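Shown next, in structure tokens, is the structure this report addresses.
The values are calculated or read from the model by the stated rules, or taken from the named source; none is laboratory data. Predicted model only: the values in this text are computed from it and were never measured. Ideal geometry is used to build each Cβ from the backbone, glycine not excepted, and the neighbour counts take in all protein chains shown.
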């Protein structure tokens, strides 16, 4: 059995952050979140990393990240581009937005010859999450057995407004039953609540509610499903939303799960998630990194 691969999605535009947040330094040594992601992945056992980027950003990524981590892990680039479409389809005039996370994974298909974990480049997931997903992918599973790392909601909330999270319903067997997207979850009175009417009413959520942060463990079978379902997605969505429709990983997985084609085991982690969705999140992340270094969780210079 081949060792699991780590697939990191870094082709997003980062518009809310105001720039390429995937290569924004988060400590005094110019480390970026990707440095910590790969460092944690290597400690968990991963030996190959595939980075999905835009072709025009290859030089920046190699200069800022690639040359540092390449001596420590097998690193490959895959390129997400708008023109990677099924035969007979064309890019809508004026479209610049990528086709979404399921399409990004399809663009890396030729690099994936083993079970793989997939995650976002601009999310800090914590060392425990990498251990949990690596151990799952290293064990013997069928092509229909997938996994997802589940975070306690309280460990993923922002101090700067609402967040969107996939709220998990889990069966007695530890498998995901439903994944419900809540678009506006906020800290409220020492707890959490979501609103669906712009704040007119709120529904409480327990802080230990498990949510998805888009860290999945997948089998190669998912690639054939993504490829087979992409034309139908385009047929349905291009006429309605040609500029912004996205072929998204969680939605395709949810469909496969509802059809009974896959199961998704939820791997609960106590790790705290950090992100830089908005510019004010950056100093919070930097402070958290410094504290983890002071506690000995990371060396001061990761690759020295």
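For the structure I just gave you, tell me whether residue 63 is modelled with pLDDT of 90 or more and over 18 Å from the mean Cα position of the chain (by Cα).
no
Just one of (1) touching a helix residue (DSSP H, G or I) at 6+ places or on another chain (Cβ under 9 Å); (2) assigned to a strand (DSSP E or B) fails for residue 168. It is (1). Which pairs have Cβ atoms under 8 Å, sit 6 or more apart or on different chains, and link a residue in region 251-269 that is free of Cβ contacts under 8 Å to residues at least 24 places away in the same chain and at positive phi to one that is buried (at least 17 other Cβ atoms within 10 Å of the Cβ) and in a helix (DSSP H, G or I)? Hits for this filter: zero, empty list. Taking residue 91, is it out of contact with any strand residue (DSSP E or B) (no Cβ under 7 Å at 6 or more places or on another chain), surrounded by fewer than 21 Cβ atoms within 10 Å (Cβ to Cβ), closer than 27 Å to residue 231 by Cβ and modelled with pLDDT under 95? No.
For region 118-128, the criterion of being part of a helix (DSSP H, G or I) and at negative phi is satisfied by at least one residue. May I ask you to verify whether residue 301 is closer than 22 Å to residue 211 by Cα, at pLDDT 90 or above and assigned to a loop (DSSP other than H, G, I, E, B)? Criteria not met by residue 301. Residues that are surrounded by 14 or more Cβ atoms within 10 Å (Cβ to Cβ), out of contact with any helix residue (DSSP H, G or I) (no Cβ under 9 Å at 6 or more places or on another chain) and in a loop (DSSP other than H, G, I, E, B) occur at least once in region 182-198.
Scanning region 114-151 for residues that are farther than 17 Å from residue 42 by Cα and over 16 Å from the mean Cα position of the chain (by Cα), we see that the one that is surrounded by the most Cβ atoms within 10 Å (Cβ to Cβ) is 145.
Here residue 179 meets each of (1) crowded, with 17+ Cβ neighbours inside 10 Å; (2) closer than 30 Å to residue 31 by Cβ with one exception, condition (2). The single residue among 76, 63 that is on the phi < 0 side of the Ramachandran plot and free of Cβ contacts under 8 Å to residues at least 12 places away in the same chain turns out to be 63. Checked against (1) within 30 Å of residue 88 (Cα to Cα); (2) surrounded by fewer than 14 Cβ atoms within 10 Å (Cβ to Cβ); (3) at pLDDT below 95, residue 204 meets all criteria but (1). Scoring residue 96 on the criteria (1) under 15 Å from the mean Cα position of the chain (by Cα); (2) within 28 Å of residue 243 (Cβ to Cβ); (3) at pLDDT below 95 leaves a single failure, condition (1).
Residues in region 257-278 that are in contact with a helix residue (DSSP H, G or I) (Cβ under 9 Å, 6 or more places away or on another chain) and at pLDDT below 95 were compared, and the one that is farthest from residue 11 (Cα to Cα) is 270. When you check residue 53 against the structure, is it modelled with pLDDT under 95 and within 15 Å of residue 120 (Cβ to Cβ), yes or no? Answer is yes for this residue. In region 239-249, is there at least one residue being touching a strand residue (DSSP E or B) at 6+ places or on another chain (Cβ under 9 Å), crowded, with 16+ Cβ neighbours inside 10 Å, under 30 Å from residue 90 (Cβ atoms) and at pLDDT below 95? Scanning region 239-249 turns up at least one residue that is touching a strand residue (DSSP E or B) at 6+ places or on another chain (Cβ under 9 Å), crowded, with 16+ Cβ neighbours inside 10 Å, under 30 Å from residue 90 (Cβ atoms) and at pLDDT below 95.
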